[in-house]
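Reading through the structure tokens given below for one structure.
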Amino acid sequence: TRSTRPQRLLKAVRKRATQGDPQSVISAIDHFCRHSEWAMNVGDEKGSILDSVVSELNPEKVLELGTYCGYSTVRIARLLPPGARLITLEFNADYAAIARQVIAWAGLEDKIQLVEGASEDWIPRMKEHFGIETFDFVFLDHWKHRYLPDTKLMEDCGLLRKGTVLLADNVICPGVPDYLEYVRNSLSYKSCYFKSHLEYTKAEDGLEKSVFLG
Ligand SMILES: O=C(NCCCCc1cc2ccncc2s1)c1cc(-c2ccc(F)cc2)cc(O)c1O
Ligand SMILES: [Mg+2]
């Protein structure tokens, strides 16, 4: 049967990228998505904004909601200090299987824990299951209708602390109006918008960075 797009993306990584070299994995995926097939990775333009937010924060404990093929997982993990840990949640088992292999090709398995399942099921179990107190950084890139309920769930589960940074992808396209309204009007967040473009296209999109004030 015909291969899937994530399978073809992984094949391009193995063909073009060097094992143990995260930057070459990132470049290989961007090349594949620009020249072969579009895929919903955060991409190189928004990815540079993601890089600068992570580099400035130097987080120890990171949560990513929505792994897909592991592109942003690799982007974030390559910048983390030794001993830092990234937990990434993926609902789709086929995506998770590809992401594990992309992460392994980049040589970043030791920093990353990929968990299969739904955010609403796993967020309440983070503390007891992973021994997590609070997260320093959360990257939201999963179902757009789950950004707001999962943010409230993280608040209720005590997973956010004063200064925790939430960075949300796709706040314009596909768009997350209820989430934006919440983080921009809530007295518990300091929020700002980084204007950019939908990955590999000219359409407007952007990232919203929101600092939890406690
Ligand atoms: O849906 C998107 N991303 C979420 C995939 C949902 C995967 C999930 C992960 C997970 C983990 C835990 N719990 C529950 C879930 S659900 C997405 C879509 C577009 C797009 C933009 C324009 C288009 F024309 C067509 C697609 C662009 C993007 O950057 C995206 O991120
Ligand atoms: Mg996205």
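The values are calculated or read from the model by the stated rules, or taken from the named source; none is laboratory data. Note that this is a predicted model, so its numbers are computed, not measured. Backbone-built Cβ (ideal geometry, glycine too); neighbour counts: all protein chains shown.
Of note:
- Some residue of region 41-53 being at negative phi, more than 16 Å from ligand 2 (Cβ to nearest atom) and at pLDDT 95 or above: yes
- Filtered residues of region 41-69 (kept if surrounded by fewer than 23 Cβ atoms within 10 Å (Cβ to Cβ) and acidic (Asp, Glu)): Asp44, Glu45, Asp51, Glu56, Glu60
- Test: residue in region 142-162 that is within 27 Å of Ser27 (Cβ to Cβ) and either crowded, with 20+ Cβ neighbours inside 10 Å or not aliphatic (A, V, I, L, M) (or both): yes
- Answer residue from region 157-193, given it is touching a residue at least 60 places away in the same chain (Cβ under 8 Å) and either part of a helix (DSSP H, G or I) or under 16 Å from the mean Cα position of the chain (by Cα) (or both) and is farthest from Val53 (Cα to Cα) among those: Asp169
- Looking across region 38-60, the residues that are within 12 Å of ligand 1 (Cβ to nearest atom) and of a type in the set (Gly, Ala, Ser) come down to Ala39, Gly43, Gly47.
- Only one of the numbered conditions (1) touching a helix residue (DSSP H, G or I) at 6+ places or on another chain (Cβ under 9 Å); (2) farther than 12 Å from Gly70 by Cβ; (3) away from ligand 1 (no atom under 16 Å from the Cβ) is not met by Arg161, and that is (1).
- Search result, residues across region 51-84 that are under 21 Å from Arg125 (Cα atoms) and out of contact with any strand residue (DSSP E or B) (no Cβ under 6 Å at 6 or more places or on another chain): Gly66, Ala84
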